[in-house]
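Below you'll find the structure, written out as C-alpha cells, and then a few comments.
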Amino acid sequence: MSTRVFPDGFLWGVATSAFQIEGAPEEDGRGESIWDRLAATPGRIADGSDGRVACDHYHRWPEDLELLTRLGVGAYRFSVAWPRVLPGGRGALNVRGLDFYDRLVDALLERSILPMVTLYHWDLPQPLQDRGGWGARDTAHAFVDYADAVSRRLGDRVRHWITHNEPWCIATLGHEQGEHAPGHRDPAEALRAAHHVLLSHGWAVPVLRRNSQAAEVGIVLNLVPPEPASPSPADREATRRFDGSFNRWYLDPIFRGAYPEDAIQDRVRAGHLAPGPLPFVEAGDLAAIAGPIDFLGVNYYNRAVLRSEVVPEAENAPRAVPLPPASELTDMGWEVHPRGLRALLLRVHREYRPPRIFVTENGAAYADGPDAAGHVADARRVEYLRGHLAACAGALADGVPLAGYFYWSLLDNFEWAHGYTKRFGLVWVDYATLARTPKASFSSYRDVISRNAVEDEP
Ligand code: IFM
C-alpha cells in the first residue's frame with residue numbers, strides 16, 4: 001500500500017437528508033410530504049415502515065452533532081424539509097420549522113463544521129403534488145419562493161447551497177418507474193418533471209446568491225458511468241442510450257444549455273415525446289438552467305454495464321439493460337467499483353468543466369450489526385471507503401478540481417422504498433431504542449480525516 005495525501009483544505013464530510021433521519025412529521029407545524037403519503041400507502045415500502053420516527057434526529061440532533069465532532073468532519077451536508085418551512089408548499093411560512101434548521105446551523109458553526117444545505121431531497125409538500133407536483137411548471141415557481149424563504153433566514157451563516165439532490169431520481173424513479181413518490185408511471189410526465197426541477201434550480205441560483213453573501217451554489221447529480229458489455233455496435237449503442245438518458249440529460253442542459261439531441265430522438269422513438277420542439281421548454285428556460293454555478297455535486301455508487309436486448313412486443317427497439325456484474329455487490333445489489341468513480345470524475349471535468357466538484361454522496365449498504373461485545377465490524381465498508389477515497393486521490397492526481405468528499409451516510413436511516421432494510425451508516429442505529437453505535441468504518445474514516453490521507457494499492 002502507498003499513502004495518498006489530500007490537498008490542504010480538502011473538505012471532509014458526511015451527508016444525510018431530512019426525511020430519512022428526522023422523524024417528527026407532525027411536530028412544530030410540519031405539513032405532509034409526498035413521502036409521508038407514499039409510505040402510508042400499503043405495499044409501497046418493503047418493510048411496511050414509514051418516516052414517522054426514522055432516526056428521531058429532530059429530537060436527537062445534539063447527539064448526532066456530537067458524532068460529527070468525534071468523526072472530525074469539516075462539513076455536514078443535510079437537507080431542509082420543505083414541508084416544515086412551508087407546510088402548504090407556498091404561502092404561509094412556518095417559522096417554527098425554520099427555527100429547527102436555524103438552531104442546527106448555529107450548533108454546527110459553533111463546532112466549526114460547515115453546513116452544506118440541500119434544499120430539495122425529494123420531500124415535496126403534498127399540497128403542491130395535489131396541484132400537479134413537478135409535472136407542473138408552477139412547482140418551479142414555488143421552489144424559488146421556498147429557496148428564497150430558507151436563504152433569507154439562513155443565508156447569513158450558510159455559504160454552501162445545493163438546489164436539488166439527484167434530479168434523475170426525482171423524475172425517473174418518481175414519475176416513470178413509480179418506485180419513489182409520487183409513484184407515477186408516466187414517461188412524458190417524467191420528462192416534464194425533469195425539466196421543471198432543472199428550471200427551478202436555474203431560477204433559484206440568483207436568489208440564493210442575493211440572499212447569501214459569498215454563496216457557493218451547486219446542484220447534485222447522481223451519475224452512473226456506463227460501459228458496453230462487449231465492443232459490439234449494439235452494446236455500444238445501448239451504452240450511448242443509457243448515457244443519454246441517465247447522465248447527459250442533466251449534464252448537458254446545466255453546462256451546455258441544451259438537451260442532448262440523440263437522447264431526445266431516443267425518447268421520440270420510444271413514443272415519450274412527439275417530434276419537434278420539446279413541449280415543456282419555454283423561451284429563456286435553457287439559459288436559466290445553464291446559468292453559472294460554483295460547483296457540481298456528484299453522487300457515485302456504481303457503474304452500469306450495458307448490453308443490447310431486443311424486446312419485440314413491448315418496444316420495437318434495442319433497449320439498454322444493465323448486466324448483473326460478476327463482482328462484489330453491496331446489499332443494494334450495486335457493484336463495488338471504485339475505478340468508476342475516478343473515471344467519472346475525470347470525464348465530468350474534461351467534458352463539462354464545472355469550476356469545482358464535490359463527491360456529495362458515496363457509500364455502501366451492508367447489514368453488519370453489533371457483535372456480542374457491541375462492536376460493529378463492517379470490514380467491507382472500511383474497504384469500500386478506502387477504495388473510493390483512493391479513487392478520489394487518483395482523480396486529484398488527474399487534475400480534477402475535486403474539493404471534498406461526503407460519505408453517505410452518517411447514520412443508518414430510512415432508505416426510501418427499502419424502508420429500514422438497507423444500512424448505509426457509519427453509525428449503527430438500533431431502531432427499537434434509537435441508540436447510535438459507531439461502526440469500525442466510523443473509526444477508519446475518522447483516521448483518514450485526521451491524517452488527510454488514505455492508503456492506496458501499490
Ligand atoms: O439514500 C439515498 C439518498 O437519499 C440519495 N442518494 C442515494 C442514497 C442511497 O440509495
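A few remarks follow.
- Any hit, region 354-375, residues being in a helix (DSSP H, G or I) and either surrounded by fewer than 23 Cβ atoms within 10 Å (Cβ to Cβ) or in contact with a strand residue (DSSP E or B) (Cβ under 8 Å, 6 or more places away or on another chain) (or both): no
- Within region 53-66, the set of residues being without any contact (Cβ under 8 Å) to a residue 60 or more places away in the chain and either in contact with an Asp or Glu (Cβ under 8 Å, 6 or more places away or on another chain) or open to solvent by less than 60 Å² (accessible area, probe 1.4 Å) (or both) comprises Tyr58, Trp61, Leu65.
- Test: residue in region 410-426 that is touching a residue at least 60 places away in the same chain (Cβ under 8 Å), more than 24 Å from Ile34 (Cα to Cα), surrounded by 15 or more Cβ atoms within 10 Å (Cβ to Cβ) and polar (S, T, N, Q): no
- Residue count, region 169-192 (criterion: part of a helix (DSSP H, G or I), in contact (Cβ under 8 Å) with a residue 60 or more places away in the chain and surrounded by fewer than 21 Cβ atoms within 10 Å (Cβ to Cβ)): 2
- Residue within region 323-342 that is modelled with pLDDT of 95 or more, surrounded by 21 or more Cβ atoms within 10 Å (Cβ to Cβ) and in a loop (DSSP other than H, G, I, E, B) present: yes
- Of all the numbered requirements in (1) open to solvent by 30 Å² or more (accessible area, probe 1.4 Å); (2) within 16 Å of the ligand (Cβ to nearest atom), Thr163 misses one, and that requirement is (1).
- Residue check, Ala283 aliphatic (A, V, I, L, M), out of contact with any helix residue (DSSP H, G or I) (no Cβ under 8 Å at 6 or more places or on another chain) and free of Cβ contacts under 8 Å to residues at least 24 places away in the same chain: yes
- Total residues in region 113-127, condition within 14 Å of the ligand (Cβ to nearest atom) and among the β-branched types (Val, Ile, Thr): 1
- Qualifying residue in region 244-258 (condition: under 19 Å from Trp168 (Cα atoms) and not in a helix (DSSP H, G or I)): yes
- Residues (in a strand (DSSP E or B) and within 16 Å of the ligand (Cβ to nearest atom)) located in region 1-22: Gly13, Val14, Ala15
- Just so you know, in region 23-45 the residues that are touching a Lys or Arg at 6+ places or on another chain (Cβ under 9 Å) and in a loop (DSSP other than H, G, I, E, B) include one that is most open to solvent (accessible area, probe 1.4 Å), and it is Glu26.
- Criterion: in contact with a strand residue (DSSP E or B) (Cβ under 8 Å, 6 or more places away or on another chain) and within 13 Å of the ligand (Cβ to nearest atom) - qualifying residue of Trp408, Trp416: Trp408
- Restricting attention to region 192-239, the residues that are at pLDDT 95 or above and either under 30 Å from Arg137 (Cβ atoms) or over 23 Å from the mean Cα position of the chain (by Cα) (or both) add up to 31.
The values are calculated or read from the model by the stated rules, or taken from the named source; none is laboratory data. Quick caveat: nothing in here was measured; it's all calculated off a predicted structure. Cβ coordinates were reconstructed from backbone atoms using ideal geometry, including for glycine residues, and neighbour counts include every protein chain displayed. Each accessible area value is taken on the protein alone, full model and side chains, heavy atoms only, with ligands, DNA and RNA left out. Shrake-Rupley method; radii C 1.70, N 1.55, O 1.52, S 1.80 Å.
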